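Here you go, one structure.
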Amino acid sequence: MNPEQQDRAADVPARSNTDRLGLYAYLQAREHKATYLAIMRLFTATLLADLSAGDVAAALAPAERDGTVERGESRIENVITRLKQLVEWGNLVQGRREVVAASIAEFQHGSVRYQVSKLAVRVQRDVDELLRVPEGAREVSRELLPAIERGLSQLGKSLSNAVSQEQRDAESAAAQRARELLSEQVTTLFLQHAELAATVRDFYAYLGQVVTRHHLAADEISGFRNLLVEYIQKVVEDVLRQTPAIAEHLTGRFAAARPELLRLLGPTDGLGPAVERARGRSAADWQELTDWFVDRPGRPSQVTVLREATARAIGSLLASVKRATAGGGLLPGRRAELLKLAKWFDDSTPAQAAQMYAAAFGMYSSRHVLPAPEHDSDDERTPWSEGPVCDVTVSVRSRSDRGARGRTSRIMDDPITEQSLLADARRADELRAADVAELVAAAPRLHETTLSPGALGVLCELLTMAMAQRESSKDSGSAEDQIRGLTVRIEYAEGETATVRSTGGTLTLRDSRLVVR
(Lines give C-alpha, C1' and ligand atoms only; values in the text may rest on other atoms or scores of the structure.)
Protein backbone atom coordinates (compact mmCIF):
# COMPACT_ATOMS: atom_id res chain seq x y z
CA MET A 1 0.00 0.00 0.00
CA ASN A 2 1.12 3.55 -0.65
CA PRO A 3 0.82 6.16 2.15
CA GLU A 4 -2.55 7.38 0.86
CA GLN A 5 -3.98 3.84 1.02
CA GLN A 6 -2.51 3.31 4.49
CA ASP A 7 -4.20 6.48 5.74
CA ARG A 8 -7.47 5.39 4.16
CA ALA A 9 -7.22 1.96 5.82
CA ALA A 10 -6.46 3.57 9.17
CA ASP A 11 -9.61 5.68 8.93
CA VAL A 12 -11.81 2.60 8.43
CA PRO A 13 -13.50 1.66 11.75
CA ALA A 14 -12.99 -1.80 13.20
CA ARG A 15 -15.52 -4.33 11.96
CA SER A 16 -17.82 -5.86 14.56
CA ASN A 17 -18.24 -9.61 14.89
CA THR A 18 -21.54 -9.45 13.01
CA ASP A 19 -19.98 -7.47 10.15
CA ARG A 20 -17.11 -9.94 9.92
CA LEU A 21 -19.54 -12.70 9.02
CA GLY A 22 -20.20 -10.81 5.79
CA LEU A 23 -16.75 -11.90 4.63
CA TYR A 24 -18.25 -15.34 3.97
CA ALA A 25 -21.05 -13.97 1.77
CA TYR A 26 -19.28 -14.69 -1.53
CA LEU A 27 -19.18 -18.41 -0.71
CA GLN A 28 -22.99 -18.65 -0.62
CA ALA A 29 -23.92 -16.01 -3.18
CA ARG A 30 -27.02 -16.90 -5.19
CA GLU A 31 -25.14 -16.28 -8.43
CA HIS A 32 -21.55 -16.29 -9.71
CA LYS A 33 -20.10 -18.22 -6.74
CA ALA A 34 -17.43 -19.77 -8.98
CA THR A 35 -16.33 -16.33 -10.20
CA TYR A 36 -16.05 -14.89 -6.70
CA LEU A 37 -14.08 -17.92 -5.56
CA ALA A 38 -11.70 -17.65 -8.53
CA ILE A 39 -11.13 -13.94 -7.86
CA MET A 40 -10.39 -14.47 -4.18
CA ARG A 41 -7.98 -17.29 -4.99
CA LEU A 42 -6.22 -14.95 -7.41
CA PHE A 43 -5.77 -12.28 -4.74
CA THR A 44 -4.60 -14.70 -2.05
CA ALA A 45 -2.21 -16.64 -4.31
CA THR A 46 0.59 -14.05 -3.97
CA LEU A 47 1.82 -11.71 -1.26
CA LEU A 48 0.83 -8.03 -1.49
CA ALA A 49 -1.43 -8.62 -4.48
CA ASP A 50 -2.30 -5.29 -6.12
CA LEU A 51 -4.46 -5.89 -9.21
CA SER A 52 -6.65 -3.84 -11.48
CA ALA A 53 -9.87 -4.96 -13.13
CA GLY A 54 -7.93 -5.62 -16.35
CA ASP A 55 -5.46 -7.88 -14.53
CA VAL A 56 -8.32 -9.86 -13.00
CA ALA A 57 -10.10 -10.15 -16.37
CA ALA A 58 -6.93 -11.48 -18.01
CA ALA A 59 -6.51 -14.05 -15.24
CA LEU A 60 -10.16 -15.18 -15.51
CA ALA A 61 -9.96 -15.77 -19.28
CA PRO A 62 -8.21 -19.20 -19.00
CA ALA A 63 -10.70 -20.25 -16.31
CA GLU A 64 -13.57 -19.31 -18.61
CA ARG A 65 -12.08 -21.37 -21.45
CA ASP A 66 -11.68 -24.36 -19.12
CA GLY A 67 -15.30 -24.06 -17.95
CA THR A 68 -14.36 -23.29 -14.35
CA VAL A 69 -16.38 -20.06 -14.46
CA GLU A 70 -19.41 -19.19 -16.53
CA ARG A 71 -19.10 -17.79 -20.03
CA GLY A 72 -18.75 -14.03 -20.20
CA GLU A 73 -17.39 -13.68 -16.64
CA SER A 74 -14.00 -12.48 -17.91
CA ARG A 75 -15.50 -9.45 -19.64
CA ILE A 76 -14.22 -6.26 -18.08
CA GLU A 77 -17.66 -4.86 -17.18
CA ASN A 78 -18.61 -8.09 -15.38
CA VAL A 79 -15.27 -8.19 -13.58
CA ILE A 80 -15.73 -4.62 -12.33
CA THR A 81 -19.18 -5.52 -10.98
CA ARG A 82 -17.80 -8.58 -9.14
CA LEU A 83 -14.89 -6.59 -7.68
CA LYS A 84 -17.19 -3.83 -6.42
CA GLN A 85 -19.40 -6.46 -4.78
CA LEU A 86 -16.38 -7.99 -3.01
CA VAL A 87 -15.39 -4.50 -1.83
CA GLU A 88 -18.90 -4.04 -0.42
CA TRP A 89 -18.66 -7.34 1.44
CA GLY A 90 -15.29 -6.28 2.89
CA ASN A 91 -13.12 -8.88 1.17
CA LEU A 92 -11.25 -6.39 -1.03
CA VAL A 93 -9.91 -2.88 -0.39
CA GLN A 94 -9.98 -0.28 -3.14
CA GLY A 95 -7.10 2.07 -3.93
CA ARG A 96 -5.53 4.04 -6.79
CA ARG A 97 -2.19 4.17 -8.57
CA GLU A 98 -0.67 6.46 -11.20
CA VAL A 99 -0.65 4.75 -14.61
CA VAL A 100 0.23 5.62 -18.19
CA ALA A 101 -2.89 5.01 -20.32
CA ALA A 102 -3.68 5.47 -24.00
CA SER A 103 -7.39 6.20 -23.43
CA ILE A 104 -9.81 7.30 -20.73
CA ALA A 105 -11.29 3.80 -20.47
CA GLU A 106 -7.84 2.28 -20.05
CA PHE A 107 -7.06 4.87 -17.37
CA GLN A 108 -10.26 4.08 -15.50
CA HIS A 109 -9.61 0.35 -15.63
CA GLY A 110 -5.94 0.59 -14.71
CA SER A 111 -5.86 3.35 -12.10
CA VAL A 112 -8.34 1.68 -9.72
CA ARG A 113 -6.43 -1.04 -7.89
CA TYR A 114 -7.69 -3.69 -5.47
CA GLN A 115 -5.99 -5.35 -2.52
CA VAL A 116 -7.25 -8.15 -0.29
CA SER A 117 -8.03 -7.45 3.37
CA LYS A 118 -6.33 -9.32 6.20
CA LEU A 119 -9.45 -11.13 7.43
CA ALA A 120 -10.42 -12.10 3.86
CA VAL A 121 -7.06 -13.82 3.45
CA ARG A 122 -7.83 -15.96 6.48
CA VAL A 123 -11.31 -16.78 5.22
CA GLN A 124 -10.03 -17.91 1.81
CA ARG A 125 -7.18 -19.85 3.40
CA ASP A 126 -9.64 -21.74 5.61
CA VAL A 127 -11.92 -22.37 2.62
CA ASP A 128 -9.14 -23.86 0.49
CA GLU A 129 -8.00 -26.00 3.41
CA LEU A 130 -11.56 -27.22 3.99
CA LEU A 131 -11.96 -28.17 0.33
CA ARG A 132 -8.76 -30.23 0.48
CA VAL A 133 -9.77 -32.18 3.60
CA PRO A 134 -10.84 -35.79 2.83
CA GLU A 135 -14.01 -37.25 4.33
CA GLY A 136 -12.21 -39.99 6.28
CA ALA A 137 -10.56 -39.90 9.70
CA ARG A 138 -7.56 -37.67 10.40
CA GLU A 139 -4.48 -39.20 11.97
CA VAL A 140 -3.69 -37.89 15.46
CA SER A 141 -0.18 -36.43 15.74
CA ARG A 142 0.78 -38.53 18.77
CA GLU A 143 4.49 -37.95 18.16
CA LEU A 144 4.05 -34.31 19.25
CA LEU A 145 3.36 -35.27 22.88
CA PRO A 146 6.97 -36.18 23.75
CA ALA A 147 8.11 -33.18 21.71
CA ILE A 148 5.94 -30.90 23.87
CA GLU A 149 7.36 -32.46 27.05
CA ARG A 150 10.95 -31.97 25.82
CA GLY A 151 10.15 -28.44 24.71
CA LEU A 152 8.87 -27.49 28.18
CA SER A 153 11.96 -29.01 29.79
CA GLN A 154 14.31 -27.10 27.47
CA LEU A 155 12.26 -23.93 27.90
CA GLY A 156 12.92 -23.90 31.64
CA LYS A 157 16.69 -24.13 31.06
CA SER A 158 16.60 -21.45 28.37
CA LEU A 159 14.63 -19.13 30.65
CA SER A 160 17.21 -19.49 33.43
CA ASN A 161 20.01 -18.81 30.95
CA ALA A 162 18.24 -15.74 29.51
CA VAL A 163 17.67 -14.26 32.98
CA SER A 164 21.29 -14.80 34.01
CA GLN A 165 22.61 -13.29 30.75
CA GLU A 166 20.34 -10.26 31.20
CA GLN A 167 21.59 -9.74 34.75
CA ARG A 168 25.19 -9.72 33.50
CA ASP A 169 24.61 -7.37 30.55
CA ALA A 170 21.15 -6.82 29.05
CA GLU A 171 22.58 -5.29 25.86
CA SER A 172 25.18 -7.96 25.14
CA ALA A 173 25.05 -10.29 22.13
CA ALA A 174 24.78 -13.30 24.44
CA ALA A 175 21.65 -11.86 26.09
CA GLN A 176 20.13 -11.11 22.70
CA ARG A 177 20.80 -14.68 21.49
CA ALA A 178 19.32 -16.09 24.71
CA ARG A 179 16.10 -14.09 24.19
CA GLU A 180 15.89 -15.16 20.55
CA LEU A 181 16.33 -18.83 21.53
CA LEU A 182 13.63 -18.42 24.17
CA SER A 183 11.23 -16.89 21.62
CA GLU A 184 11.98 -19.68 19.14
CA GLN A 185 11.24 -22.42 21.68
CA VAL A 186 7.97 -20.78 22.82
CA THR A 187 6.73 -20.44 19.23
CA THR A 188 7.68 -24.05 18.44
CA LEU A 189 5.94 -25.31 21.58
CA PHE A 190 2.64 -23.60 20.81
CA LEU A 191 2.73 -24.63 17.15
CA GLN A 192 3.19 -28.25 18.22
CA HIS A 193 0.31 -28.04 20.69
CA ALA A 194 -1.97 -26.33 18.13
CA GLU A 195 -1.32 -29.13 15.63
CA LEU A 196 -1.94 -31.81 18.27
CA ALA A 197 -5.19 -30.20 19.46
CA ALA A 198 -6.44 -29.76 15.87
CA THR A 199 -5.80 -33.40 14.96
CA VAL A 200 -7.51 -34.62 18.15
CA ARG A 201 -10.59 -32.46 17.49
CA ASP A 202 -10.84 -33.57 13.85
CA PHE A 203 -10.42 -37.25 14.68
CA TYR A 204 -13.06 -37.25 17.41
CA ALA A 205 -15.44 -35.23 15.23
CA TYR A 206 -15.21 -38.01 12.62
CA LEU A 207 -15.58 -40.59 15.36
CA GLY A 208 -18.78 -38.98 16.63
CA GLN A 209 -20.10 -38.94 13.09
CA VAL A 210 -19.69 -42.68 12.51
CA VAL A 211 -20.54 -44.21 15.90
CA THR A 212 -24.00 -42.62 16.00
CA ARG A 213 -25.15 -44.33 12.82
CA HIS A 214 -28.03 -46.70 13.45
CA HIS A 215 -27.20 -49.33 10.81
CA LEU A 216 -23.68 -50.57 10.09
CA ALA A 217 -22.65 -53.17 7.56
CA ALA A 218 -20.47 -56.11 8.62
CA ASP A 219 -17.30 -54.70 7.02
CA GLU A 220 -17.96 -51.31 8.57
CA ILE A 221 -18.34 -52.83 12.02
CA SER A 222 -15.01 -54.63 11.58
CA GLY A 223 -13.27 -51.46 10.42
CA PHE A 224 -14.67 -49.33 13.23
CA ARG A 225 -13.78 -52.02 15.75
CA ASN A 226 -10.14 -51.87 14.66
CA LEU A 227 -10.32 -48.08 14.69
CA LEU A 228 -11.65 -47.92 18.23
CA VAL A 229 -9.99 -50.85 19.93
CA GLU A 230 -6.54 -50.47 18.41
CA TYR A 231 -5.97 -46.91 17.25
CA ILE A 232 -7.87 -45.05 19.97
CA GLN A 233 -6.22 -47.20 22.60
CA LYS A 234 -2.82 -46.08 21.33
CA VAL A 235 -3.89 -42.44 21.28
CA VAL A 236 -5.31 -42.48 24.81
CA GLU A 237 -2.35 -44.43 26.21
CA ASP A 238 0.13 -41.97 24.73
CA VAL A 239 -1.79 -38.98 26.04
CA LEU A 240 -2.17 -40.42 29.54
CA ARG A 241 1.49 -41.47 29.64
CA GLN A 242 2.84 -38.05 28.67
CA THR A 243 0.32 -35.87 30.53
CA PRO A 244 1.80 -36.16 34.09
CA ALA A 245 5.24 -34.94 32.97
CA ILE A 246 3.74 -32.08 30.94
CA ALA A 247 1.41 -31.10 33.79
CA GLU A 248 4.34 -31.07 36.23
CA HIS A 249 6.21 -28.62 33.99
CA LEU A 250 3.18 -26.35 33.55
CA THR A 251 2.20 -26.22 37.25
CA GLY A 252 5.62 -26.54 38.92
CA ARG A 253 8.46 -24.04 39.23
CA PHE A 254 8.02 -23.02 35.60
CA ALA A 255 4.55 -21.63 36.42
CA ALA A 256 6.05 -19.29 39.05
CA ALA A 257 8.63 -18.05 36.52
CA ARG A 258 6.01 -17.41 33.81
CA PRO A 259 5.77 -13.62 34.45
CA GLU A 260 9.52 -13.38 33.88
CA LEU A 261 9.13 -15.31 30.62
CA LEU A 262 6.39 -12.94 29.40
CA ARG A 263 8.56 -9.96 30.30
CA LEU A 264 11.47 -11.28 28.22
CA LEU A 265 9.07 -11.90 25.33
CA GLY A 266 7.89 -8.30 25.44
CA PRO A 267 6.04 -6.50 22.63
CA THR A 268 7.69 -6.31 19.23
CA ASP A 269 9.19 -2.89 18.57
CA GLY A 270 7.84 -0.93 15.62
CA LEU A 271 4.53 -2.79 15.12
CA GLY A 272 2.41 -0.81 17.54
CA PRO A 273 0.25 -1.88 20.50
CA ALA A 274 -2.58 -3.34 18.36
CA VAL A 275 -0.42 -5.99 16.69
CA GLU A 276 -1.68 -9.58 16.70
CA ARG A 277 1.11 -11.37 18.50
CA ALA A 278 2.24 -14.97 18.15
CA ARG A 279 0.94 -17.58 20.60
CA GLY A 280 2.68 -17.86 23.93
CA ARG A 281 3.19 -14.12 24.46
CA SER A 282 0.30 -13.62 26.90
CA ALA A 283 -0.83 -15.15 30.17
CA ALA A 284 -4.11 -16.25 28.55
CA ASP A 285 -2.22 -18.40 26.03
CA TRP A 286 -0.34 -20.20 28.80
CA GLN A 287 -3.53 -20.66 30.81
CA GLU A 288 -5.19 -22.23 27.77
CA LEU A 289 -2.23 -24.58 27.32
CA THR A 290 -2.36 -25.53 31.01
CA ASP A 291 -6.12 -26.16 30.89
CA TRP A 292 -5.59 -28.62 28.03
CA PHE A 293 -3.52 -30.93 30.25
CA VAL A 294 -4.44 -30.05 33.87
CA ASP A 295 -7.85 -30.31 35.59
CA ARG A 296 -9.23 -27.39 37.54
CA PRO A 297 -12.15 -27.36 40.01
CA GLY A 298 -15.31 -27.38 37.95
CA ARG A 299 -13.37 -27.33 34.65
CA PRO A 300 -12.03 -30.69 33.42
CA SER A 301 -9.03 -30.71 31.12
CA GLN A 302 -9.15 -31.80 27.50
CA VAL A 303 -7.29 -34.97 28.48
CA THR A 304 -10.18 -35.91 30.79
CA VAL A 305 -12.70 -35.04 28.08
CA LEU A 306 -10.76 -37.20 25.61
CA ARG A 307 -10.84 -40.18 27.96
CA GLU A 308 -14.59 -39.81 28.55
CA ALA A 309 -15.28 -39.41 24.80
CA THR A 310 -13.36 -42.60 24.11
CA ALA A 311 -15.43 -44.51 26.64
CA ARG A 312 -18.66 -43.21 25.08
CA ALA A 313 -17.46 -44.11 21.59
CA ILE A 314 -16.64 -47.68 22.58
CA GLY A 315 -20.03 -48.00 24.27
CA SER A 316 -21.80 -46.75 21.13
CA LEU A 317 -19.91 -49.21 18.96
CA LEU A 318 -20.79 -52.11 21.25
CA ALA A 319 -24.46 -51.07 21.10
CA SER A 320 -24.29 -50.96 17.28
CA VAL A 321 -22.69 -54.42 17.16
CA LYS A 322 -25.33 -55.83 19.51
CA ARG A 323 -28.13 -54.29 17.46
CA ALA A 324 -26.67 -55.59 14.19
CA THR A 325 -26.06 -59.14 15.45
CA ALA A 326 -29.26 -59.59 17.46
CA GLY A 327 -32.11 -61.31 15.63
CA GLY A 328 -34.94 -59.82 17.64
CA GLY A 329 -36.07 -57.29 15.03
CA LEU A 330 -39.41 -57.66 13.26
CA LEU A 331 -37.90 -57.11 9.82
CA PRO A 332 -34.35 -56.75 8.54
CA GLY A 333 -32.95 -53.27 7.99
CA ARG A 334 -33.78 -51.46 4.76
CA ARG A 335 -30.43 -49.75 4.37
CA ALA A 336 -29.37 -51.79 1.34
CA GLU A 337 -32.72 -51.19 -0.40
CA LEU A 338 -32.53 -47.45 0.25
CA LEU A 339 -29.00 -47.30 -1.17
CA LYS A 340 -30.13 -49.20 -4.24
CA LEU A 341 -33.04 -46.78 -4.68
CA ALA A 342 -30.68 -43.82 -4.33
CA LYS A 343 -28.50 -45.23 -7.12
CA TRP A 344 -31.56 -45.56 -9.34
CA PHE A 345 -32.37 -41.90 -8.72
CA ASP A 346 -28.80 -40.92 -9.55
CA ASP A 347 -28.84 -42.79 -12.87
CA SER A 348 -32.33 -41.70 -13.98
CA THR A 349 -33.50 -38.77 -16.06
CA PRO A 350 -35.64 -36.02 -14.46
CA ALA A 351 -38.85 -37.55 -15.86
CA GLN A 352 -37.91 -41.05 -14.67
CA ALA A 353 -36.94 -39.68 -11.25
CA ALA A 354 -40.38 -38.07 -10.84
CA GLN A 355 -42.14 -41.32 -11.71
CA MET A 356 -39.86 -43.33 -9.45
CA TYR A 357 -40.39 -40.90 -6.57
CA ALA A 358 -44.16 -41.21 -6.88
CA ALA A 359 -43.99 -45.00 -7.10
CA ALA A 360 -41.55 -45.46 -4.20
CA PHE A 361 -42.99 -43.00 -1.68
CA GLY A 362 -46.54 -42.43 -2.90
CA MET A 363 -45.88 -38.72 -3.34
CA TYR A 364 -47.58 -37.16 -6.34
CA SER A 365 -47.64 -33.64 -7.73
CA SER A 366 -49.49 -30.98 -5.76
CA ARG A 367 -51.06 -27.63 -6.49
CA HIS A 368 -49.95 -24.52 -4.64
CA VAL A 369 -52.90 -22.32 -3.67
CA LEU A 370 -50.76 -19.82 -1.74
CA PRO A 371 -48.19 -17.34 -3.11
CA ALA A 372 -44.64 -18.63 -3.35
CA PRO A 373 -42.33 -17.65 -0.46
CA GLU A 374 -39.91 -14.80 -0.99
CA HIS A 375 -36.90 -17.07 -0.46
CA ASP A 376 -36.67 -20.85 -0.55
CA SER A 377 -33.79 -23.00 0.64
CA ASP A 378 -32.94 -23.92 -2.94
CA ASP A 379 -34.02 -22.94 -6.47
CA GLU A 380 -34.45 -24.42 -9.91
CA ARG A 381 -30.71 -24.23 -10.55
CA THR A 382 -29.80 -26.44 -7.55
CA PRO A 383 -29.46 -30.17 -8.39
CA TRP A 384 -31.35 -32.51 -6.09
CA SER A 385 -28.05 -34.09 -4.98
CA GLU A 386 -26.87 -30.70 -3.66
CA GLY A 387 -30.18 -29.66 -2.09
CA PRO A 388 -31.31 -30.02 1.53
CA VAL A 389 -30.85 -33.45 3.13
CA CYS A 390 -33.99 -35.18 4.37
CA ASP A 391 -33.50 -37.36 7.45
CA VAL A 392 -34.95 -40.88 7.19
CA THR A 393 -36.52 -42.01 10.48
CA VAL A 394 -35.63 -45.28 12.14
CA SER A 395 -39.07 -46.77 11.50
CA VAL A 396 -38.75 -46.14 7.76
CA ARG A 397 -35.20 -47.53 7.63
CA SER A 398 -36.00 -50.70 9.58
CA ARG A 399 -39.67 -51.45 8.84
CA SER A 400 -40.58 -49.26 5.83
CA ASP A 401 -43.36 -47.91 8.02
CA ARG A 402 -44.18 -44.20 8.02
CA GLY A 403 -46.88 -44.45 10.69
CA ALA A 404 -46.41 -42.81 14.08
CA ARG A 405 -45.63 -45.23 16.92
CA GLY A 406 -47.06 -45.03 20.41
CA ARG A 407 -49.45 -42.45 21.75
CA THR A 408 -49.06 -39.20 23.58
CA SER A 409 -49.14 -39.38 27.35
CA ARG A 410 -51.95 -37.80 29.33
CA ILE A 411 -51.30 -34.46 30.94
CA MET A 412 -52.25 -34.76 34.60
CA ASP A 413 -53.68 -31.65 36.28
CA ASP A 414 -53.13 -32.02 40.02
CA PRO A 415 -53.89 -28.68 41.73
CA ILE A 416 -53.38 -30.06 45.25
CA THR A 417 -49.83 -31.23 44.51
CA GLU A 418 -49.12 -27.95 42.70
CA GLN A 419 -50.19 -25.85 45.68
CA SER A 420 -48.23 -28.10 48.06
CA LEU A 421 -45.07 -27.65 46.02
CA LEU A 422 -45.58 -23.90 45.87
CA ALA A 423 -46.02 -23.78 49.67
CA ASP A 424 -42.82 -25.80 50.16
CA ALA A 425 -40.97 -23.43 47.84
CA ARG A 426 -42.25 -20.40 49.79
CA ARG A 427 -41.16 -21.92 53.11
CA ALA A 428 -37.71 -22.73 51.71
CA ASP A 429 -37.39 -19.18 50.39
CA GLU A 430 -38.36 -17.71 53.76
CA LEU A 431 -35.81 -19.89 55.58
CA ARG A 432 -33.13 -18.89 53.09
CA ALA A 433 -33.95 -15.21 53.57
CA ALA A 434 -33.77 -15.59 57.37
CA ASP A 435 -30.38 -17.34 57.15
CA VAL A 436 -29.00 -14.63 54.87
CA ALA A 437 -30.31 -11.91 57.17
CA GLU A 438 -28.56 -13.62 60.11
CA LEU A 439 -25.28 -13.68 58.19
CA VAL A 440 -25.61 -10.02 57.22
CA ALA A 441 -26.26 -9.05 60.85
CA ALA A 442 -23.28 -11.11 62.06
CA ALA A 443 -20.86 -9.93 59.33
CA PRO A 444 -19.16 -7.12 61.37
CA ARG A 445 -18.38 -9.57 64.25
CA LEU A 446 -18.48 -12.91 62.51
CA HIS A 447 -15.73 -14.46 64.64
CA GLU A 448 -17.67 -13.68 67.84
CA THR A 449 -21.16 -14.82 66.73
CA THR A 450 -22.52 -18.36 67.00
CA LEU A 451 -24.42 -19.10 63.80
CA SER A 452 -27.44 -21.32 63.40
CA PRO A 453 -27.18 -24.48 61.24
CA GLY A 454 -29.07 -22.81 58.39
CA ALA A 455 -26.84 -19.72 58.35
CA LEU A 456 -23.73 -21.92 58.51
CA GLY A 457 -25.05 -23.94 55.55
CA VAL A 458 -25.49 -20.79 53.44
CA LEU A 459 -21.99 -19.61 54.39
CA CYS A 460 -20.41 -22.98 53.57
CA GLU A 461 -22.23 -23.10 50.22
CA LEU A 462 -20.86 -19.71 49.14
CA LEU A 463 -17.45 -20.46 50.67
CA THR A 464 -17.17 -23.67 48.62
CA MET A 465 -17.93 -21.76 45.42
CA ALA A 466 -15.38 -19.07 46.33
CA MET A 467 -12.61 -21.57 47.08
CA ALA A 468 -13.26 -23.38 43.77
CA GLN A 469 -12.10 -20.24 41.93
CA ARG A 470 -8.65 -20.33 43.53
CA GLU A 471 -5.75 -21.79 41.58
CA SER A 472 -3.60 -22.07 44.71
CA SER A 473 -3.87 -21.36 48.42
CA LYS A 474 -2.44 -17.85 47.91
CA ASP A 475 -5.14 -16.73 45.48
CA SER A 476 -8.42 -14.99 46.31
CA GLY A 477 -11.93 -16.11 45.47
CA SER A 478 -15.45 -14.80 45.88
CA ALA A 479 -19.02 -16.01 45.43
CA GLU A 480 -22.32 -14.13 45.47
CA ASP A 481 -25.96 -14.97 46.10
CA GLN A 482 -27.42 -13.27 43.03
CA ILE A 483 -30.94 -13.05 44.47
CA ARG A 484 -30.17 -11.46 47.85
CA GLY A 485 -26.83 -9.81 47.11
CA LEU A 486 -24.81 -11.62 49.79
CA THR A 487 -21.09 -11.84 48.91
CA VAL A 488 -18.50 -14.09 50.56
CA ARG A 489 -14.82 -13.48 49.79
CA ILE A 490 -11.81 -15.44 51.02
CA GLU A 491 -8.34 -13.88 50.82
CA TYR A 492 -4.84 -15.13 51.62
CA ALA A 493 -3.49 -13.55 54.81
CA GLU A 494 -0.34 -15.12 56.21
CA GLY A 495 -0.53 -15.62 59.96
CA GLU A 496 -4.24 -14.80 60.27
CA THR A 497 -6.94 -17.32 61.21
CA ALA A 498 -10.61 -17.02 60.28
CA THR A 499 -12.96 -18.68 62.78
CA VAL A 500 -16.68 -19.32 62.32
CA ARG A 501 -18.64 -20.73 65.27
CA SER A 502 -21.96 -22.53 65.10
CA THR A 503 -24.13 -24.72 67.29
CA GLY A 504 -22.65 -27.79 65.61
CA GLY A 505 -18.95 -26.92 65.88
CA THR A 506 -16.23 -24.47 64.83
CA LEU A 507 -14.83 -23.89 61.31
CA THR A 508 -11.19 -22.72 61.27
CA LEU A 509 -9.44 -21.35 58.17
CA ARG A 510 -5.69 -20.80 58.62
CA ASP A 511 -3.73 -18.14 56.70
CA SER A 512 -7.03 -16.79 55.44
CA ARG A 513 -9.25 -13.72 55.81
CA LEU A 514 -13.03 -14.17 55.43
CA VAL A 515 -15.10 -11.17 54.32
CA VAL A 516 -18.93 -11.28 54.34
CA ARG A 517 -20.91 -8.32 53.05
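The values are calculated or read from the model by the stated rules, or taken from the named source; none is laboratory data. Being a predicted model, the structure only gives us computed values, none of them experimental. When we count neighbours, we look across all protein chains shown, and the Cβ atoms used for this are built from the backbone with ideal geometry, even at glycine. The area values use the complete protein model at the heavy-atom level, side chains included, leaving out ligands, DNA and RNA. Shrake-Rupley method; radii C 1.70, N 1.55, O 1.52, S 1.80 Å.
Using 1/(1 + (r/R0)^6) with R0 = 45 angstrom and r between the beta carbons of Leu130 and Ala493, what's the FRET efficiency to the nearest 0.05? Each step should come with its number before you reach the end.
Details: r = 54 Å, r/R0 = 1.19.
The value I calculate is 0.25.
Further question on the same structure: Which whole-Hz couplings ³J(HN,Hα) result when phi for each residue of segment 52-69 is put into the Karplus expression 6.51 cos²θ - 1.76 cosθ + 1.60, θ = phi - 60°, listed in order with x for Gly and Pro?
After applying 6.51 cos²θ - 1.76 cosθ + 1.60, I find 9, 4, x, 4, 5, 5, 5, 6, 7, 4, x, 5, 5, 5, 7, x, 5, 10 Hz.
Taking H placed 1.01 Å from N in the peptide plane, check which residues at least 5 places from Glu496 or on another chain put their amide H under 5 Å from its amide H.
Long-range HN contacts for Glu496: Asp511, Ser512.
Amide H to amide H, which residues 5 or more places from Gly477 or on other chains are under 5 Å from it, using H placed in the peptide plane?
For Gly477, whose amide H was placed from the backbone, the distant partners under 5 Å are Ile490.
Okay, next question. Given a Förster distance of 56 Å, report the FRET efficiency between Asp50 and Leu507 from their Cβ-Cβ distance, rounded to the nearest 0.05. Intermediate results must be reported in sequence, preceding the final value.
Working: r = 70 Å, r/R0 = 1.25.
Given R0 = 56 Å and the Cβ-Cβ separation, E is 0.20.
Show log10 I(q)/I(0) for segment 436-517 at q = 0.13, 0.14, 0.16, 0.27 Å⁻¹, two decimals, from a solvent-free Debye sum over equal Cα scatterers.
-0.36, -0.42, -0.55, -1.48
Rank-order 452-462, 507-517 by packing density, defined as the average count of other C-beta atoms within 10 Å over each peptide's residues, highest first. List each step's numbers first, then the result.
Details: 452-462: 17.9, 507-517: 15.1.
Top to bottom by mean Cβ count within 10 Å: 452-462, 507-517.
A further question on this structure: Which cross-chain or sequence-distant (5 or more) residues have an amide H under 5 Å from the amide H of Leu51, H modelled 1.01 Å from N in plane?
Tyr114
Could you order Val440, Val303 so the one with the most accessible surface comes first? Probe is 1.4 Å. Working shown, then result.
Numbers: Val440 80, Val303 5 Å².
So the residues, ranked largest to smallest area, are Val440, Val303.
Turning to a different aspect of this structure: Starting from the 7 Å offset along Cα-to-Cβ, what nm value, one decimal, do you get for the label separation of Ser472 and Gln209?
4.4 nm
Kindly state, to the nearest 0.05, the FRET efficiency for Gln482 paired with Ala58, given R0 = 60 Å and r defined as their beta-carbon distance.
On the way: r = 64 Å, r/R0 = 1.06.
So, using R0 = 60 Å, E works out to roughly 0.40.
Under a cut-off of 28 Å between alpha-carbon atoms, report the lysines in cross-link reach of Lys157, not counting same-chain residues fewer than 8 places apart.
Of all the lysines, those that pass the test against Lys157 - Cα under 28 Å, at least 8 places apart if same chain - are Lys474.
Which distance in nm do the two modelled labels at Ala34 and Glu276 give, with both placed 7 Å along the Cα-to-Cβ direction?
Taking the simple label geometry, Ala34 and Glu276 are separated by 3.1 nm.
I'd like the Karplus ³J(HN,Hα) series for segment 157-167: coefficients 6.51, -1.76, 1.60, θ = phi - 60°, whole numbers in Hz, and an x wherever there's a Gly or Pro.
Coupling constants for segment 157-167: 5, 5, 5, 4, 5, 5, 5, 5, 5, 5, 5 Hz.
Give the lysines reachable from Lys234 as a straight Cα distance under 29 Å; neighbours fewer than 8 places away on the same chain don't count.
Lys322
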